[in-house]
1. Every residue in the range 78-95 that is assigned to a helix (DSSP H, G or I), touching a strand residue (DSSP E or B) at 6+ places or on another chain (Cβ under 7 Å) and either open to solvent by 50 Å² or more (accessible area, probe 1.4 Å) or under 30 Å from His193 (Cα atoms) (or both), please.
2. For the range 489-506, name all the residues that are open to solvent by 50 Å² or more (accessible area, probe 1.4 Å) and either at pLDDT 95 or above or among the basic types (Lys, Arg) (or both).
3. Restricting to the range 146-189, what's the tally of residues that are under 34 Å from the mean Cα position of the chain (by Cα), surrounded by fewer than 19 Cβ atoms within 10 Å (Cβ to Cβ) and among the small types (Gly, Ala, Ser)?
4. Using the structure shown, decide if Phe250 is open to solvent by 30 Å² or more (accessible area, probe 1.4 Å) and either assigned to a helix (DSSP H, G or I) or touching a Gly at 6+ places or on another chain (Cβ under 9 Å) (or both).
5. With the requirement that a residue be within 21 Å of Ala511 (Cβ to Cβ) and surrounded by fewer than 19 Cβ atoms within 10 Å (Cβ to Cβ), what does the range 441-475 give you?
6. Please determine whether any residue of the range 236-253 is in contact (Cβ under 8 Å) with a residue 40 or more places away in the chain and closer than 19 Å to Phe78 by Cβ.
7. Can Val143 be described as buried (at least 17 other Cβ atoms within 10 Å of the Cβ), β-branched (Val, Ile, Thr) and at negative phi?
Amino acid sequence: MPNHFADEAATLPIDYLRGLAHVDPSLSLDEDARILHIRDHDKTKVALISGGGSGHEPAHAGFVGTGSLTAAVGGNVFASPNTAQVRRALELVKNEQGTLVVVKRYTGDVLHFGMAGESAADNVAFLIVGDDVAVPRKQGALVGRRGLAGVTLVYKVAGYAASQGAPLEEVKRLASVVAEHVGTIGSSFAHCHVPGTTQEPAFLRNGEMEIGTGIHNEPGVLKTAVKPKAQLVDEMVELVTSTTDTERSFVPFTGQGDEVVVMINNLGGMSELELVGLVPATLAAFAKRNIKVVRLFVGTFVSSLDMPGFSITALLLPITADRDLILAGVDAPSSAPGWRLPTVPQLSPVLTPKATVSSSHVASGLTADASFVPAIQAACRAVIAAEPLITRYDTIAGDGDCGLTLKRGGEGVLAAIEAGTVTGKDVVNSARAIAEVTENNMDGTSGALYSIFFSAFAKALAAAPAGQATASTYASALRSALDTLFTYTSARPPSRTLVDPLVAFVDALAADPAALGAAAAAAEAAATETANLVAKAGRAAYVDQEQLRKEAVPDPGAWGLAVLFKALAGAV
């Protein structure tokens, strides 16, 4: 069973509400009824309440604040709050103008909120929101469309209207316009895990995904192989905006210059890196259909615990006076922590002009024998082939990126050979070219160390006399490069870093410049020994050393360098 940051899974819903009460001192929490509400709400204005099962955070309690919800009622995970809880919320927000109750279309929510509203003595209006476009009309004819992330836009616009003093009838009317003009479609790679339950076998196999995902682990309407990002987004936008699909054309798009507010919503388990990376494809998909995105929300609004997926919501702006009212509501600030202000996106952002790079170098006059390029190619191919093993080592001893970093460096050098910038006709400029490749292609500490080393190596070679470089020429330049590198890093053998095999290799060549094979063997032995060392530098210095000792894996950077040296020696 996956772990969760909770002493008891059952306390997660109330823990969340307590946390929000700490975050915003203007809010108050009724712990018994699990209601978060504005403590001193303006009783001369319409109140707005919503709620539902927990597990969809920040919905619903995260949207309690000015210009949004007045109160939110929380149930257990994926379970509706009961009627008594909702009735208590109505009492807490009692006011002179009435209350609008907004709920997503799920049977439990509709029944309990509806029962509370029907039994209320005060002026209460009720609005059910169903924005899902996944389920076809015929299939969902009886139960209706599910409520997804689009309900939050109803909160935003209705909350704004209420804050401006609109009467209950007008607040509900405008909220209804939004509800009738919004559509949402979701997609995910897996279902979420409900805290306190046994982990079920994976619903989707590796390489599969589903479209039309619900927010309570309901299967999507389509299970498919993982699609390229742009294709997936385009198909999802088509489902939301279609004017020809009689089963799913729920929103009255015209295909003739429509305007929309778009929400790209994290279903809970996506990284920000992936989520924001969906923006270009999403904007392009709407533009392709002659639909202008006038506002854009990107973030987590209605989640499904830790589900690795996202949804796209489109609110079609009506061609009436309501357009400006809706946009005013969308743009209005709110104190609710779940809200962030929308942006006015650029379909074609202004890009910084590329820097003009002059790579012209005077020929050095230092050449190499015929084994120069084949040896470099062999070294690059070897480190590329070793990527899975190096990555495994780095997953244990570091941050998991070393294998891919070295692979990118190897691929970059191979490309430079193909481009003719690394050639035996000019050893100095070849070393400079490799330094540029490592600088541009290899990230993090490894990239910096490799770039510094090769730049210093090139500088030392440039001081050598013209003609064909000898083993002594290389050995002397390597020693000079190592001395330069030592001015930038405090790592010294034995350190459990790439410095260990590098020093072993350079020292061996200093003793016998022609003994390349012996130098490579010394580097491999030093890299192997790192498995027995306590890390003094590098990323492994932050890892539990006792656990690292039990794993008994060599330092990934050291191993990658040893692989490189071994292949280099074998090709000469």
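1. Gln85, Val86, Arg88, Ala89
2. If the condition is that a residue be open to solvent by 50 Å² or more (accessible area, probe 1.4 Å) and either at pLDDT 95 or above or among the basic types (Lys, Arg) (or both), then Arg492 is the only one that fits.
3. Qualifying residue count for the region: 1.
4. yes
5. Of everything in the range 441-475, those that are within 21 Å of Ala511 (Cβ to Cβ) and surrounded by fewer than 19 Cβ atoms within 10 Å (Cβ to Cβ) turn out to be Thr470, Ala471, Ser472.
6. no
7. Judged against the criteria, Val143 is not a match.
For every residue, the table says whether it meets (1) at pLDDT below 85; (2) under 37 Å from the mean Cα position of the chain (by Cα); (3) outside any helix (DSSP H, G or I).
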{"site": "Ala514", "(1), (2), (3)": "no, no, yes"}
{"site": "Ala523", "(1), (2), (3)": "no, no, no"}
{"site": "Thr530", "(1), (2), (3)": "no, yes, no"}
{"site": "Lys536", "(1), (2), (3)": "yes, yes, yes"}
{"site": "Pro554", "(1), (2), (3)": "no, yes, yes"}
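The values are calculated or read from the model by the stated rules, or taken from the named source; none is laboratory data. Since this is a predicted model, take the numbers as computed values, not measurements. Here Cβ is always computed from backbone atoms with ideal geometry, including for glycine, and neighbour counts include all displayed protein chains. Side chains are part of the model used for accessible areas, which takes the heavy atoms of the whole protein and leaves out ligands, DNA and RNA. Shrake-Rupley method; radii C 1.70, N 1.55, O 1.52, S 1.80 Å.
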